[in-house]
1. How do the peptides 181-189, 145-153, 195-203 rank, highest first, by the average count of neighbouring beta carbon atoms within 10 Å per residue?
2. If we sort 289-302, 103-116 on the protection proxy, mean other Cβ atoms within 10 Å, highest first, what's the order?
3. Return the aspartates and glutamates within reach of LYS381: Cα separation strictly under 13 angstrom, same-chain partners fewer than 8 residues apart disregarded; answer none if there are no such residues.
4. So which of LYS286/LYS328; LYS249/LYS449; LYS199/LYS358; LYS286/LYS464; LYS68/LYS92; LYS199/LYS413 end up more than 18 Å apart, counting from Cα to Cα?
5. Taking 8 Å as the Cα distance limit and 6 or more residues as the minimum spacing, I'd like the relative contact order of the chain as a percentage.
6. Suppose the chain between LEU196 and GLU69 were pulled fully straight at 0.36 nm per residue; how much longer would it get relative to their current alpha carbon spacing?
7. Take ALA234, project a point 7 Å from its Cα along the Cβ direction, then tell me which residues of segment 362-392 have their backbone nitrogen under 18 Å from it.
8. Strictly under 4.7 angstrom between C-beta atoms: which cysteines of the chain have no such partner?
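What follows draws every value from the coordinates through simple rules; no lab data is involved. The structure presented is a predicted model; accordingly, all values stated were derived computationally and were not measured. As a convention, Cβ positions derive from the backbone with ideal geometry for all residues, glycine included, and neighbour counts pool all protein chains shown.
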Amino acid sequence: MGVEGLNEYFVFGVEELDRRFTSAIKLGGIVAIVGGPGTGKTTLASRICFINASRGYPCVYISTQEFKEKHYTNMLGLGMNFQELEDRGLMKFINVPIPGTLEHVEDLFNLITNVVNEMKARILIIDSITPVLRVLASDISRRAWLQNFIYTLSKALRGVLVLTVEILDGDASVSDVEYVADALITLRQEQTHGLLVRKAHLVKMRGAQIEVSEVPYTIREGFGVEFWFPPVLAEVPPPSSETLRMPCKALSESLGNLPKGSYVYVAHEVRPTYQLWVPLLASLAKLNRLGKLLIVSYSSSPSEWFGNALNALISSGVPKDLAEEIIKTYFEVKSLNPASYSVDELYALELSLAKALKPSVIIFWEANVPEFIHMSHDISKYSFYLTNQLFLLKSLGITTFRFATALNEEIYKVTSFLATASLKYLIDPDKGSHLLIWSNERIKKLHEKDLISCVEECASILKKG
């Protein structure tokens, strides 16, 4: 059970909120979560309940919207097993009728008070308080009574009171709740070019400074809610002293050892070539004992990517059976259709994959597809998210490669300006292909014979026991 006294603390259950705003969710605190239907209010409230109850602080969940079975099933899919907490005596879920009169409101509050005392609850969720606000909206004295009740209840809890507020067109102001809340989070979702955009607005965090008031958020299967704050540059580490050894002589001499957490941008005149990069990436993983590399593919399904990668390894001289084993050992492929997501959702989804899978290296394959789709709408917004993503991946110690077709010079400049190294693969009909490498403020050129030799060296590494 939770330890009472000075050592007690409560959490949002969302990593980035807890890292920045722990002081806003404290003993006797009130959290208000405001938003329209389907924005994730219930998911965030449930996360607060679930994580704190898992830490030993009993939670009572009052719902005017869902029955227990449906709620438990929905939340289980988001990684929250409320039935297990209930079996341990740490959770009580009560569905109540929507109050329509002042008498109903008084009955509801009497019920809440009795259940909280009986359960010795430390966390109380009221999902949602909106029906009560509607009953009391026209009477100033009743609204004052509501504010006083909420405040008194939060203190009696010796824990945290969470209120969800549903906002529809024409609804009254939420000022009654806002006035008493220590933390006020508004969740919004809208359509941009027909694609979903989710944004959280941090209106109030008592006792904490709000440096960024609007952040994208996602609702992820098996986990719940995640908030994606831009990184604080002071928290982004300097280049790592640990480096990645290059798997062939030509790259070692031109690129040197690459600090972990670096960003490498690789541009092609046409689509990225599997024949060059798959042997190189696989041998890089083997040589540096990196485990599985995460491939985020924007134009190929995992099976198609694996098929192309297999052919590339075989053509480099790796036997088929060994090539299949190499692919299973060193590559994990996730495919995303960037036309199905807003740039906000795509950014958050990519970071969710990185945090969930924790790769040492992430490779965005054919990144020109999202670049073309989203930069054509808003190049400054895409640049904003790309910059934040690269800093966040660096802060996680993840080395990033972006392989793309160089669509035009403007996009190339935007996507390569933060790169530790920038590579450009060019094809000359007369002289063959060559690779331009910009690194450490100097440019080097690898000719086709150098690239062929590099692939041969990589294949040799892969064929060794």
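1. Listed from highest to lowest mean packing, they are 181-189, 195-203, 145-153.
2. 289-302, 103-116
3. Cross-link targets: ASP344, GLU345, GLU371.
4. Flagged as over cut-off: LYS199/LYS358; LYS199/LYS413.
5. Value for the chain: 16 percent.
6. 42.9 nm
7. Residues passing the 18 Å test: 392.
8. Cysteines lacking a close Cβ partner in the chain: CYS458.
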